[in-house]
Amino acid sequence: MSVFQSQARVVLTLSWRNLWRNSRRTGIMLGAIAVGVWAMIFMTALMRGMVDDMLNQGIRNLPGHIQVQHPAFLDDPSVVNSIAEPDSEFRASLDRLGAVRWSTRIKVPAVIASERETRGINLIGIEPAAEDDISGLPALMDTGRFLESDQDQGLIVGARLAERLETRLGKRVVIMSQDPANNIRERGFRIVGIYRAKLPELEEFNVYAARDTLQQLLHIEGRVSQIIVVGDDYRDIEPLYQRLRQLLPATLEARAWYQIDSYLAAMFKMMDGFVLVWIIIIFLALSFGLVNTLVMAIFERVREIGLILALGMRPGLIVYQILLESLLLLLIGLAIGNGIAYASIKPLQGGLDISAVAEGMAMMGASSVLYPKLLAADMILANVVVIVLGIVTSILPAWRAARLDPLRALNAT
Amino acid sequence: MAKHRFDSATRIYQLMQILLLTSAACCSAQAADTGDPRELIRAAMQHWRGVTSYSEMTMTIHRPDWQRSFSMQAWTEGDKQSLVRVTEPRRDAGNGTLVKDKSMWTYSPKINRILKVPASMMNQSWMGSDFSNKDISKSTDIIDQYDHRLVSSETRDGHLVYTIESIPHEDAAVVWGREIVVIRDDYIMLKQQFWDQDNLLVKEMNTTSIEFMDNRHIAARMRMYQLETPEEWTELSVDAIDFDIDVAESLFTLSNLRNPRQ
């Protein structure tokens with residue numbers, strides 16, 4: 001057994017025993033570390049879940065990962081800026097693109113009227129079969145039925161809009177809009193379904209009808225407003241986007257979700273940095289407690305340290321001993337903290353109902369059920385930050401202890 | 001304010017349509033003889049095909065705590081073209097509306113602009129006026145977009161009076177569940193009721209006075225109100241009317257809307 005190994009073992013023993021010399025203080029410190037680490041991991045998981053939800057939600061509301069449209073459609077989403085429905089060749093190449101789903105839709109501003117109210121809306125013509133993958137609308141149906149075909153004559157409105165219009169399922173309303181020649185086009189529709197969006201504002205604005213029915217109404221047979229493409233994962237849409245762009249004629253413009261909604265994009269990009277900042281902030285609060293504990297532990301045993309120094313222990317080993325003490329403290333605290341965090345997140349994976357604050361959440365674009373998302377990377381990050389910064393903050397007390405003058409320390413009262 | 005005036009034009013347009021539908025004629029009532037409700041309404045409409053008129057009207061909006069009146073001049077040709085201009089009160093004078101078929105333009109001297117009324121504004125209410133659009137604006141639509149049924153006919157003051165129930169088709173651009181029209185054999189509309197889809201009466205228009213002007217009987221005074229607020233109503237009265245006037249080619253044009261030449 002080498003000298004170094006035996007020294008290390010002695011130091012380890014000393015550290016471990018020192019740690020439990022004042023077991024109440026150590027216990028409190030362990031508690032603080034555990035709660036801090038739990039907060040880091042738990043809150044990060046909540047935030048991840050919330051942001052993921054907001055992004056998914058936001059992308060479903062756009063909808064789609066990539067949208068293809070007339071270049072002027074974004075500035076003026078009117079019926080004039082429509083594009084031709086994909087012909088068979090274009091269709092085939094869209095099918096070969098490797099997207100999960102693509103679909104065409106019409107989107108025009110319109111007016112809806114009941115016997116008692118009139119409101120402005122977004123009239124959306126959909127291919128009902130594709131909608132499950134694109135906007136998730138079929139899953140949001142509250143009462144009535146979803147549209148059944150591209151020629152369906154029914155209309156789907158949001159629950160809140162129905163309330164505002166003082167109408168309900170099964171009643172007729174009138175939709176009014178304009179054709180490309182600026183003539184007023186209007187007809188009656190029967191409400192066949194009512195949906196409840198996760199974000200209540202959307203219920204008031206988005207009204208859905210079948211695509212072909214709207215083409216007829218708006219006199220734009222064979223034309224649509226947008227082609228919507230949905231890929232596997234919104235985080236990894238770039239290759240699909242590039243392939244699609246090469247496919248498109250110059251007259252069409254493709255935009256990925258992060259270009260369509262820069263708020264979503266910013267949120268997506270900021271999230272990682274945000275998690276780190278959050279972890280460090282909690283650590284800062286934690287570090288005061290940690291430093292204080294260590295400093296106290298050292299003040300308590302100034303004489304003892306003086307004695308060991310006088311007996312010939314090298315100052316380096318003192319530093320080593322105190323850092324080890326701090327490391328042990330941190331490791332135990334982290335183990336407990338991680339355990340609590342995992343145990344508290346697991347049962348919540350099914351969703352955390354926060355409908356008490358649903359209104360505020362809706363303002364941010366999140367729904368009222370939170371699904372915490374525990375990422376291994378976040379957990380590792382929290383642990384690494386705590387250990388590395390914990391050791392760094394322990395260096396100062398350790399260094400001070402090592403620099404004690406043995407004579408003065410022995411005589412200290 | 002501008003929007004209100006804008007809408008006033010819409011409203012006037014409808015009033016014109018009512019006028020066309022209701023102010024009636026001296027003679028021929030072949031359709032009335034058969035009693036076929038669809039033909040009755042068609043005949044009432046077609047009665048005005050090619051007929052020109054110039055009229056002076058007053059429109060009054062009444063509310064429990066205020067009341068407002070407008071004087072207007074109106075020219076019509078058939079049921080497709082009409083031009084309306086406000087003459088009183090002075091701050092609204094000069095506002096005009098031109099209707100050709102289903103298109104509609106308004107002109108406001110204060111902004112010196114002609115605007116084409118977009119779909120979104122066709123449905124708006126004018127200063128809380130009780131005339132709402134859809135019901136009566138599209139004169140010819142009432143024939144084709146509804147199923148008509150003769151409910152009853154009776155004799156009143158020496159005239160045959162028909163009560164017709166009109167139920168809009170599934171895809172008709174009509175919000176009502178049904179409408180009931182009471183019409184006299186000389187095509188004067190005595191009453192029009194608007195029922196919602198739950199079979200509740202929502203609003204009603206009554207002809208309160210019929211007068212003999214320029215050799216014809218016309219509905220000289222009509223009042224529209226919502227059943228829920230009977231103390232709020234809008235009334236249209238015809239002060240003078242001339243039929244079969246000479247209409248210059250330039251009358252129903254945008255330039256005439258902006259720069260009146262009569």
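Taking A:TYR241 as the residue in question, decide whether it is within 15 Å of A:GLY98 (Cβ to Cβ) and of a type in the set (Phe, Trp, Tyr). Steps first, answer last, please.
Values: within 15 Å of A:GLY98 (Cβ to Cβ): yes; of a type in the set (Phe, Trp, Tyr): yes.
Answer is yes for this residue.
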Would you confirm, using the coordinates I've provided, whether A:ASN22 is surrounded by fewer than 19 Cβ atoms within 10 Å (Cβ to Cβ), touching a residue at least 12 places away in the same chain (Cβ under 8 Å), among the polar types (S, T, N, Q) and touching a Phe, Trp or Tyr at 6+ places or on another chain (Cβ under 9 Å)? no
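Rundown of residues vs (1) of a type in the set (Gly, Ala, Ser); (2) more than 11 Å from every other protein chain (Cβ to nearest Cβ); (3) more than 14 Å from A:VAL229 (Cα to Cα); (4) out of contact with any helix residue (DSSP H, G or I) (no Cβ under 8 Å at 6 or more places or on another chain), yes/no style:
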{"site": "A:GLY98", "(1), (2), (3), (4)": "yes, yes, no, no"}
{"site": "A:PRO109", "(1), (2), (3), (4)": "no, no, yes, no"}
{"site": "A:ARG119", "(1), (2), (3), (4)": "no, no, yes, no"}
{"site": "A:GLY125", "(1), (2), (3), (4)": "yes, yes, yes, no"}
{"site": "A:GLU148", "(1), (2), (3), (4)": "no, yes, yes, no"}
Of everything in the stretch B:198-216, what is within 14 Å of chain A (Cβ to nearest Cβ), of a type outside the set (Asp, Glu) and surrounded by 19 or more Cβ atoms within 10 Å (Cβ to Cβ)? Give them in sequence order. B:VAL202, B:LYS203
Every residue from the stretch A:135-176 that is within 35 Å of the chain's Cα centre (by Cα) and hydroxyl-bearing (Ser, Thr, Tyr): A:SER135, A:THR143, A:SER149
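Out of the stretch B:163-197, which residues are assigned to a loop (DSSP other than H, G, I, E, B) and within 14 Å of another protein chain (Cβ to nearest Cβ)?
Here is the first cut: in the stretch B:163-197, the residues assigned to a loop (DSSP other than H, G, I, E, B) are B:169-177, B:185-188, B:196-197.
Of everything in the stretch B:163-197, those that are assigned to a loop (DSSP other than H, G, I, E, B) and within 14 Å of another protein chain (Cβ to nearest Cβ) turn out to be B:HIS169, B:GLU170, B:ASP171, B:ALA172, B:ALA173, B:VAL174, B:VAL175, B:TRP176, B:GLY177, B:ASP196, B:GLN197.
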Residue count for the stretch A:160-194, restricted to those that are in contact (Cβ under 8 Å) with a residue 60 or more places away in the chain, facing chain B (nearest Cβ under 9 Å) and either in contact with a Phe, Trp or Tyr (Cβ under 9 Å, 6 or more places away or on another chain) or acidic (Asp, Glu) (or both): 3
Given the criteria over 30 Å from A:ARG243 (Cβ atoms) and either in contact with a helix residue (DSSP H, G or I) (Cβ under 6 Å, 6 or more places away or on another chain) or at the interface with another protein chain (Cβ under 9 Å from one of its Cβ atoms) (or both), does A:GLU204 qualify? yes
On the given criteria, is B:ARG149 away from chain A (no Cβ under 14 Å), surrounded by fewer than 16 Cβ atoms within 10 Å (Cβ to Cβ) and either farther than 30 Å from B:GLU231 by Cα or touching an Asp or Glu at 6+ places or on another chain (Cβ under 6 Å) (or both)? yes
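Counting only residues that are under 28 Å from A:ALA265 (Cα atoms), modelled with pLDDT of 85 or more and in the same structural domain as A:ALA297 (by TED's automatic domain parsing), give me the helices (runs of 4 or more DSSP H) lying completely in the stretch A:323-413 with at least 1 of them.
Working: elements: A:358-364, A:376-402, A:406-411.
Where helices (runs of 4 or more DSSP H) fall fully within the stretch A:323-413 and carry at least 1 residues being under 28 Å from A:ALA265 (Cα atoms), modelled with pLDDT of 85 or more and in the same structural domain as A:ALA297 (by TED's automatic domain parsing), they are A:376-402.
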Considering the stretch A:261-306 alone, what residues qualify as being under 30 Å from A:LEU74 (Cα atoms) and either in contact with a Gly (Cβ under 9 Å, 6 or more places away or on another chain) or not in a helix (DSSP H, G or I) (or both)? A:ASP261, A:TYR263, A:LEU264, A:MET267
Members of the stretch B:212-262 found to be outside any loop (DSSP other than H, G, I, E, B) and basic (Lys, Arg), listed by number: B:ARG216, B:ARG221, B:ARG223, B:ARG258
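Does A:ILE227 meet the test of being in contact with a Leu (Cβ under 6 Å, 6 or more places away or on another chain), assigned by TED's automatic domain parsing to the domain that holds A:ARG101 and either among the basic types (Lys, Arg) or part of a strand (DSSP E or B) (or both)? Explain how you work it out, then say what you get.
Values: in contact with a Leu (Cβ under 6 Å, 6 or more places away or on another chain): no; assigned by TED's automatic domain parsing to the domain that holds A:ARG101: yes; either among the basic types (Lys, Arg) or part of a strand (DSSP E or B) (or both): yes.
Answer is no for this residue.
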Given the conditions (1) at pLDDT 85 or above; (2) within 30 Å of B:VAL86 (Cβ to Cβ), and given that B:ARG216 satisfies all but one, which numbered condition is not satisfied? (1)
Scan of the stretch B:227-261 for residues that are surrounded by 12 or more Cβ atoms within 10 Å (Cβ to Cβ), of a type in the set (S, T, N, Q) and out of contact with any Asp or Glu (no Cβ under 6 Å at 6 or more places or on another chain), ordered by number: B:THR229, B:SER237, B:THR253, B:ASN256
Where residues in the stretch A:94-125 are surrounded by fewer than 17 Cβ atoms within 10 Å (Cβ to Cβ), part of a loop (DSSP other than H, G, I, E, B) and not acidic (Asp, Glu), which of them is farthest from the chain's Cα centre (by Cα)? A:ARG116
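For the stretch A:225-255, how many residues are in contact (Cβ under 8 Å) with a residue 12 or more places away in the chain and either among the hydroxyl-bearing types (Ser, Thr, Tyr) or surrounded by 14 or more Cβ atoms within 10 Å (Cβ to Cβ) (or both)?
Step one: list which residues in the stretch A:225-255 are in contact (Cβ under 8 Å) with a residue 12 or more places away in the chain, which gives A:225-232, A:234-235, A:237-238, A:240-241, A:243-244, A:247-248, A:251-255.
Filter once more, keeping what is either among the hydroxyl-bearing types (Ser, Thr, Tyr) or surrounded by 14 or more Cβ atoms within 10 Å (Cβ to Cβ) (or both): A:225-231, A:234, A:237, A:240-241, A:243-244, A:247-248, A:251-255.
Final tally of qualifying residues: 20.
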Which ones in the stretch A:254-311 are of a type in the set (Lys, Arg) and over 36 Å from the mean Cα position of the chain (by Cα)? A:ARG301, A:ARG303
Complete set of residues in the stretch A:207-261 that are aromatic (Phe, Trp, Tyr) and touching a helix residue (DSSP H, G or I) at 6+ places or on another chain (Cβ under 7 Å): A:TYR208, A:TYR234, A:TRP257, A:TYR258
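The values are calculated or read from the model by the stated rules, or taken from the named source; none is laboratory data. Since the structure is predicted, the reported quantities are computational estimates derived from the model, not experimental observations. Glycine gets a Cβ as well: all are built from the backbone with ideal geometry, and neighbour counts include every protein chain shown.
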